[in-house]
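The values are calculated or read from the model by the stated rules, or taken from the named source; none is laboratory data. Quantities reported herein were computed from a predicted structural model and do not represent experimental measurements. A quick note on method: Cβ atoms are made from the backbone with ideal geometry, for glycine too, and the neighbour counts reach across all protein chains shown. Surface areas here come from the heavy atoms of the whole protein model, side chains and all, with no ligands, DNA or RNA. Shrake-Rupley method; radii C 1.70, N 1.55, O 1.52, S 1.80 Å.
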Amino acid sequence: MTVKNFPKGFLWGSASAAYQVEGAWDKDGKSESIWDRYVRIPGTTFKGTNGNLAVDHYHRYKEDVALMAEQGLKAYRFSIAWTRILPQGRGEVNQAGIQFYSDLIDELLAHDIEPVVTIYHWDLPQVLQEEYGGWESRQIVDDFVNYSAVLFEAFGDRVKYWVTLNEQNIFMTLGYVQELHPPKVHSYQRMYNANHNANLANALTIKKFREMKVPGQIGPSFAYNPAYSIDSKPENVIATENYEAFNSSWWMDMYINGKYPKTVLKALEGMDIHIDIQEGDDEILADARPDFLGINYYQTNTVAYNPVDGVSVGKMNTTGEKGSSEESGMPGLFKRVQNPFVERTNWDWEIDPQGLKLGIKRITNRYDIPIMITENGLGEYDKLTEDKEIHDDYRIKYISDHVDAIGEAIQEGSDVIGYCTWSYTDLLSWLNGYQKRYGFVYVDREEDDATAKLTRYKKDSYYWYKNLIEQFNKEV
Ligand code: BG6
């Protein structure tokens, strides 16, 4: 592996999200989010796990930042809980919420760690869900932009990198089609309308950012699973083209060019799905090119044609029992099948570093925009030894291979400005509990809050990344 492939100033980072790490779910004026509510519905998460305590980052952020500093981390991506800042979703600002993030940002900057702030990582105020149905109402657009403006005002002098929405494609499809996230709905019609509102919120937030002249860069983070065709049979290749259009270009074309792909619009018409595109929307959407595109990359998807009577939403593996996931697809169009050429994790996620290179190159060729890898990592079982060590060589291999792939993409012409691993500490995996671990830092807790010790231990991967950054500092 060579760090020489990476440009000077490259942001070697790591990431988290408020609900997954903070805990303190009802402290210091914070209100309930849709996730605080959702996890209480029996059967929604693995063993009923929730983020009430999480890894208590809210109270331990100094300890966590000290570990980052010792590791030499250059950037830390975290999200802000809307419910801490504006408990009513709008209106009165909760100073305690501002203070918490202000202190976290100062702590990072004091250790030369660049804060990368995600404005929205899925934890919508429950009050807005109840008042007008959250993302399904156009009222969300104003509320979201106002919330963002409060953040720009409070932290814009110190934060240079902003992520608007984390994985709009995931929270829309899991929330409105797969019934796995709140509001647990299965309706393509409702999904496409809610998604349109999210596009407007994203675009107008970028506009607001420019109007307020915040001295930084802004962009959304997209969960990109580049698609391969299972083989060269023409009907499978066409299915793959459709898959890429429905699942990727649908969002990325909008972010970068402000337009929905024509072929998908046409297909939706045929399905009797009508998006509420109002006068003036096209201009708003076309007017908001981001500075960079955040990419969360975990795996590729391999695709085959799916007959009209074929599969629809299949079961996802949220238990860690290898092989328990099912095929999923859109009947008459495409389905996702197993790739025979790659290994899978215990949660059936395909391990494919070259897929990251492919994704970066596709984006460069199609959109020519700087990319920040805002998430990439391996969720696995980790074992704390009696000597309090964690030998996660599988994670080192995973990250090392993905770093290589990024380096190659940069050498071949792509502009990648940073790499944030998922995740910094172990944390709550939304549907998979605490047993699916991603961190450089092991957190001593299982599913039950009552037995959580929350002690932090450095994994072998922590030291490996530390060395990589040291090597980069020396050689580049
Ligand atoms: C991304 C999310 O989808 O993937 C993270 O932005 C999430 O919040 C990560 O934790 C890993 O997914 P999971 O389901 O394994 O936690």
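Is any helix in the chain, taking whole DSSP H runs, at least 24 angstrom long along its axis by alpha carbon and on average at least 1.6 on the Kyte-Doolittle scale, and which ones?
none
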Taking only C-alpha pairs under 8 Å that are 6+ residues apart, what is the relative contact order of the chain in percent? 18
Around GLY433, which amide H atoms from residues at least 5 apart in sequence, or from another chain, sit under 5 Å from its own amide H, with H modelled in the peptide plane? PHE46
Which entries of LYS27/LYS47; LYS30/LYS459; LYS47/LYS383 show an alpha-carbon separation above 22 angstrom in the structure shown? LYS27/LYS47; LYS30/LYS459
What is the local net charge at PHE155, summed over the other residues whose Cβ is closer than 12 Å to its Cβ (Lys, Arg +1; Asp, Glu -1)? -2
With the crude spin-label approximation of a point 7 Å out along Cα→Cβ, what separation in nm comes out for LYS397 versus SER232? 3.1
Sequence gap of 8 or more, or different chains, plus Cα separation below 22 Å: how many lysine pairs satisfy both in the stretch 257-368? 5
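With both partners inside the chain, how many of the DSSP beta bridges are antiparallel, as a percent to the nearest 5? Display every interim value, and only then the final one.
On the way: 14 of 49 bridges.
Here the share of antiparallel DSSP bridges comes out near 30 percent.
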Between ASP444 and ALA286, how high is the FRET efficiency from 1/(1 + (r/R0)^6) when r is the Cβ-Cβ distance and R₀ = 41 Å? Nearest 0.05. 0.25
Pop out the ³J(HN,Hα) list for the stretch 288-299 in order, Karplus 6.51 cos²θ - 1.76 cosθ + 1.60 with θ = phi - 60°, rounded to Hz; leave Gly and Pro as x. 10, 6, x, 7, 8, 10, x, 10, 9, 10, 10, 6
Excluding ligands, DNA and RNA, what is the solvent-accessible area per residue of the stretch 365-476 at a probe of 1.4 Å, expressed in Å²? 38
Carbon and sulfur atoms account, in whole percent of the 1.4 Å probe accessible area of the chain, for 49
Please report how far the C-alpha centroid of the stretch 257-284 lies from that of the stretch 157-222, rounded to the nearest whole angstrom. 17
Got a number for the accessible area of ILE406? Probe 1.4 Å, square angstrom, nearest 10. 0
Burial ranking of peptide ranges 62-75, 350-363 (average Cβ count within 10 Å, highest at the top): 350-363, 62-75
